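Written out below as structure tokens is the structure these notes cover.
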Amino acid sequence: MKSTLSIDNHKVISWNKLYSQRHWIVRKNMADEIHQLIKFEAIGQEIPHFDKPVKLKMIAGKKSRPVDASNICLKLYEDGLVNAGILDSDDYKHVLEVILVSVKANIDYIEIEISDEV
């Protein structure tokens, strides 16, 4: 099974952005916002629950200067998939592979491809 969660007009959170927030509560609030966004979008897009191990591919499109692929903070989004009930866990038994892709685009967006075809 394969499914793609797409969110247009969203600027991906980078590790630099996350760690530039000095106070832990600011970082926690950022994480909570991403978790809620993922849950809302997953329900609206009818993303199914995956009970087999998966691989994740996150594509971050940016209008202006794209982020370095290794700077994409997938962890916040991955935790959102768990909180939304799409994944049972994000441990090594449930998420076997992660691919990060950064591209220049006409709009800011993210796509998270979830596949249990590993």
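The values are calculated or read from the model by the stated rules, or taken from the named source; none is laboratory data. Being a predicted model, the structure only gives us computed values, none of them experimental. Cβ: placed from backbone, ideal geometry, glycine included. Neighbour counts: every protein chain shown.
Does Asp51 satisfy the criteria of being among the acidic types (Asp, Glu) and loosely packed, with under 12 Cβ neighbours inside 10 Å?
yes
Spot the failing condition for Ser3; the list is (1) in contact with an Asp or Glu (Cβ under 7 Å, 6 or more places away or on another chain); (2) surrounded by 13 or more Cβ atoms within 10 Å (Cβ to Cβ); (3) touching a residue at least 12 places away in the same chain (Cβ under 8 Å), and only one is missed.
Status for Ser3: all satisfied but (1).
If I filter the range 14-29 for residues that are buried (at least 16 other Cβ atoms within 10 Å of the Cβ) and among the β-branched types (Val, Ile, Thr), do I get at least one hit?
No, the range 14-29 contains no residue that is buried (at least 16 other Cβ atoms within 10 Å of the Cβ) and among the β-branched types (Val, Ile, Thr).
Restricting to the range 21-74, name every residue that is in a loop (DSSP other than H, G, I, E, B), modelled with pLDDT of 95 or more and of a type in the set (A, V, I, L, M).
Within the range 21-74, just Ile47 meets the criteria.
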